[in-house]
Amino acid sequence: MANYDFDLFTIGGGSGGVAASRRAGALGARVALCEENQVGGTCVHRGCVPKKLLVYGAHFREEFEDAAGHGWTLAEPPRFDWGTLQAAKDKELERLEGVYRRMLKDSGVRVIQGRGRVVDAHTVEVGEQRYTARHVLVATGSFPSLPRVKGVEHGLTSDDALSLKAVPRRLLIVGAGYIGVEFAGIFRALGARVTMFFRGSTVLRGFDDDVRAFLTQELRKKGVDLRPETQVADVEKRPDGSLSVLTGMGETLEVDAVLFATGRVPHTKGLGLEAAGVKLDERGAVCVDAHSRSSVESILAVGDVTDRINLTPVAIAEGRAVAEGLFNGQERSMDHTGVASAVFSQPPVGAVGCTEREAREKHGAVDVYVSTFRPMKHVLSGREERTLIKVICEPDGGRVLGFHMVGADAPEILQGLAVALKCGVTKRQLDATVGIHPTAAEEFVTLRDKRPEPEAESAGELGHDARKSVD
Ligand code: FAD
């Protein structure tokens, strides 16, 4: 049997790589992990965590405004300091990196700083040094993709937007996927004039059509200037540092910053994978089977680099499944069904299961329940924000196929419903559940009026306000 330096060599210390390496180390494997940047990866340093901290920070503006309707008078107008929020965020990210490094050390994982490259099926090179391993795990994540537009170099990516020196006065966001709408919420709440250019007619491609239409309306109410079916043709920097943006329709827009939230691509360039025989797809993602094995038996891949479901908890679950399979004799595949997702827009979105469109395609006839209402808090605050709740199920009280919500706490509420969906909850069981009153979440168990079939009212358009709407 060959004598390798390690049982597992992981390239990339983000969510997936750290999870796999820690579990493998805990199972007694000899593990090394190389990271070219900071341990913790995108989630900790350029994604979920810093983004959510900024969402919290930005949302205080509305909290202060809403307090007035509830009897509060602020002695002085609240003042916001971006530098203080940035410093607090950066301190937390540093703390988290320390936690990650400590956890790896405690699991016996050797961390090697530097960029890794696959040399062959069992060899990884970091700088001048070569290491051999029985198994190689590619967990290099993804990076922002930029459109081919003249002057694109003057724009920002989400990486840059998280650590700007100041809040731009006028910001253009190109793209209305989850990253675009999250940053729109952050910077709008912090006082920027935000314009969004996007290709479709509503934001959040891939989500349920009602969710998309509803969030589009809510963003407009918050003052985000939405420009559907608009693309950037050219970005020009002016002598005063501002940017002049030319649209595909020949209009110009003057802004202080442009954020390209135009998707992400798998991080495989220059990794040596194809030369080692690893098959990549047309987007450059590593092609893997259900057990995250690539076309080369000893090379596996997890997380965004495989372009399956690009979320942190998925990368972690895939990483752990790989470690269990390799070192605990339990060949486990990650179950990619029923994965809930959230968008930390303002208001936020939570979703699990099928969209209405998918449900109709897969199951034919489905029952759809939709309710939109004004949250109780805003009856007193006067804010014109509404909540959307939607349940899609098999006919006659059958299995629930999808839960969707736009409104305060949607991601928190959806987590519990994701468990129910995974357990095969039926609409009858929802109906038999006693609600928690008064909450927005109780709407999920008090929906009784089915939305008329699409012939009467086209699917994907917002239905009537349901019985319990509070106006
Ligand atoms: P990553 O976390 O990207 O880790 C890959 C690591 O590999 C990086 O540290 C990189 O430096 C390193 N690396 C790359 N190449 C090499 C090399 N050759 N040698 C050594 N090291 C290398 N997901 C959620 O679940 N919830 C959210 O709210 C959420 N918000 C997000 C917000 C933003 C702005 C972004 C960009 C992403 C967000 N995500 C969110 C997605 C989430 O961050 C990713 O799905 C997750 O980080 C993927 O983990 P990973 O291990 O595959 O890759």
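Return the pair list, or none, for Cβ contacts closer than 6 Å from residues in the stretch 147-165 that are under 19 Å from Ser244 (Cα atoms) to residues that are assigned to a loop (DSSP other than H, G, I, E, B) and within 16 Å of the ligand (Cβ to nearest atom), at least 6 apart or on different chains.
Every condition considered, the pairs that remain are Pro147/Thr262; Val152/Leu146.
Does at least one position in the stretch 170-188 carry a residue that is touching a Leu at 6+ places or on another chain (Cβ under 6 Å) and surrounded by fewer than 22 Cβ atoms within 10 Å (Cβ to Cβ)?
no
Looking only at the stretch 9-30, which residues are of a type in the set (A, V, I, L, M), touching a strand residue (DSSP E or B) at 6+ places or on another chain (Cβ under 6 Å) and more than 15 Å from the ligand (Cβ to nearest atom)?
Ala29
Find all pairs meeting these conditions: Cβ atoms under 9 angstrom apart; at least six residues apart or on different chains; first residue within the stretch 277-290 and free of Cβ contacts under 8 Å to residues at least 60 places away in the same chain; second residue among the basic types (Lys, Arg) and assigned to a loop (DSSP other than H, G, I, E, B).
The qualifying pairs are Gly284/Lys269; Ala285/Arg308; Cys287/Lys279; Val288/Arg308.
Being of a type in the set (A, V, I, L, M), within 17 Å of Gln38 (Cα to Cα) and more than 13 Å from the ligand (Cβ to nearest atom) is the filter here; which residues of the stretch 81-100 pass it?
Residue satisfying the conditions is Val99 alone.
Condition first: touching an Asp or Glu at 6+ places or on another chain (Cβ under 9 Å) and among the basic types (Lys, Arg). Now tell me which residues in the stretch 152-198 satisfy that.
Of everything in the stretch 152-198, those that are touching an Asp or Glu at 6+ places or on another chain (Cβ under 9 Å) and among the basic types (Lys, Arg) turn out to be Arg169, Arg170, Arg193.
For the stretch 374-411, which positions are in contact with a strand residue (DSSP E or B) (Cβ under 8 Å, 6 or more places away or on another chain) and either surrounded by fewer than 20 Cβ atoms within 10 Å (Cβ to Cβ) or hydroxyl-bearing (Ser, Thr, Tyr) (or both)?
Arg374, Pro375, Thr387, Glu394, Pro395, Asp396, Gly397, Gly398, Arg399, Ala408, Pro411
Can you tell me which residues in the stretch 354-378 are in contact (Cβ under 8 Å) with a residue 60 or more places away in the chain, out of contact with any Ser or Thr (no Cβ under 9 Å at 6 or more places or on another chain) and charged (D, E, K, R)?
Passing the criteria: Glu356, Arg357, Arg360, Asp367, Lys377.
Only one residue in Gly83, Gly108 is surrounded by 14 or more Cβ atoms within 10 Å (Cβ to Cβ) and either in a strand (DSSP E or B) or outside the structural domain of Val203 (by TED's automatic domain parsing) (or both). Which one?
Exactly one residue qualifies, and that residue is Gly108.
If I filter the stretch 304-325 for residues that are outside the structural domain of Ala24 (by TED's automatic domain parsing), within 16 Å of the ligand (Cβ to nearest atom) and over 24 Å from Leu146 (Cα atoms), do I get at least one hit?
no
Need a quick list: strands (runs of 3 or more DSSP E) entirely within the stretch 192-286 having at least 1 residues that are at pLDDT 95 or above, touching a strand residue (DSSP E or B) at 6+ places or on another chain (Cβ under 8 Å) and within 16 Å of the ligand (Cβ to nearest atom).
193-197, 257-260, 264-266
Kindly indicate whether any position in the stretch 58-65 is under 13 Å from Leu190 (Cα atoms), assigned to a helix (DSSP H, G or I) and within 16 Å of the ligand (Cβ to nearest atom).
yes
Just to be sure before I move on: is Pro168 in contact (Cβ under 8 Å) with a residue 12 or more places away in the chain, assigned to a loop (DSSP other than H, G, I, E, B) and closer than 27 Å to Thr306 by Cα in the structure I sent?
no
Looking at the stretch 35-80, which of its residues are in contact with a Pro (Cβ under 9 Å, 6 or more places away or on another chain), surrounded by 15 or more Cβ atoms within 10 Å (Cβ to Cβ) and free of Cβ contacts under 8 Å to residues at least 60 places away in the same chain?
Within the stretch 35-80, just Val44 meets the criteria.
All but one of (1) more than 9 Å from the ligand (Cβ to nearest atom); (2) assigned to a helix (DSSP H, G or I); (3) closer than 30 Å to Asp307 by Cα hold for Tyr4, so report the exception by its number.
Among (1) more than 9 Å from the ligand (Cβ to nearest atom); (2) assigned to a helix (DSSP H, G or I); (3) closer than 30 Å to Asp307 by Cα, the lone unmet condition for Tyr4 is (2).
Quick test for you: out of Ala29, Ala20, pick the one residue that is buried (at least 19 other Cβ atoms within 10 Å of the Cβ), among the hydrophobic types (A, V, I, L, M, F, W, C), at pLDDT 95 or above and outside any loop (DSSP other than H, G, I, E, B).
Ala20
In the stretch 293-303, what count of residues is obtained for those that are assigned to a loop (DSSP other than H, G, I, E, B) and within 12 Å of the ligand (Cβ to nearest atom)?
1
Does Ala342 satisfy being aliphatic (A, V, I, L, M) and not in a strand (DSSP E or B)?
Spelling it out, it is not the case that Ala342 is aliphatic (A, V, I, L, M) and not in a strand (DSSP E or B).
When the stretch 101-151 is examined, which residues are found to be more than 10 Å from the ligand (Cβ to nearest atom) and of a type in the set (Ser, Thr, Tyr)?
Across the stretch 101-151, the qualifying residues are Ser107, Thr123, Tyr131, Thr132, Ser145.
Assess whether Val44 counts as being modelled with pLDDT of 95 or more, within 10 Å of the ligand (Cβ to nearest atom) and in contact with a helix residue (DSSP H, G or I) (Cβ under 6 Å, 6 or more places away or on another chain).
Answer is yes for this residue.
Just one of (1) at pLDDT 95 or above; (2) farther than 23 Å from Gly206 by Cα; (3) loosely packed, with under 15 Cβ neighbours inside 10 Å trips up Gly416, so point out which.
Condition not satisfied by Gly416: (2).
The values are calculated or read from the model by the stated rules, or taken from the named source; none is laboratory data. Predicted, not measured: the structure shown is a model, and the values here were computed from it. Note: ideal-geometry Cβ built from the backbone for every residue, glycine included; neighbour counts use all protein chains shown.
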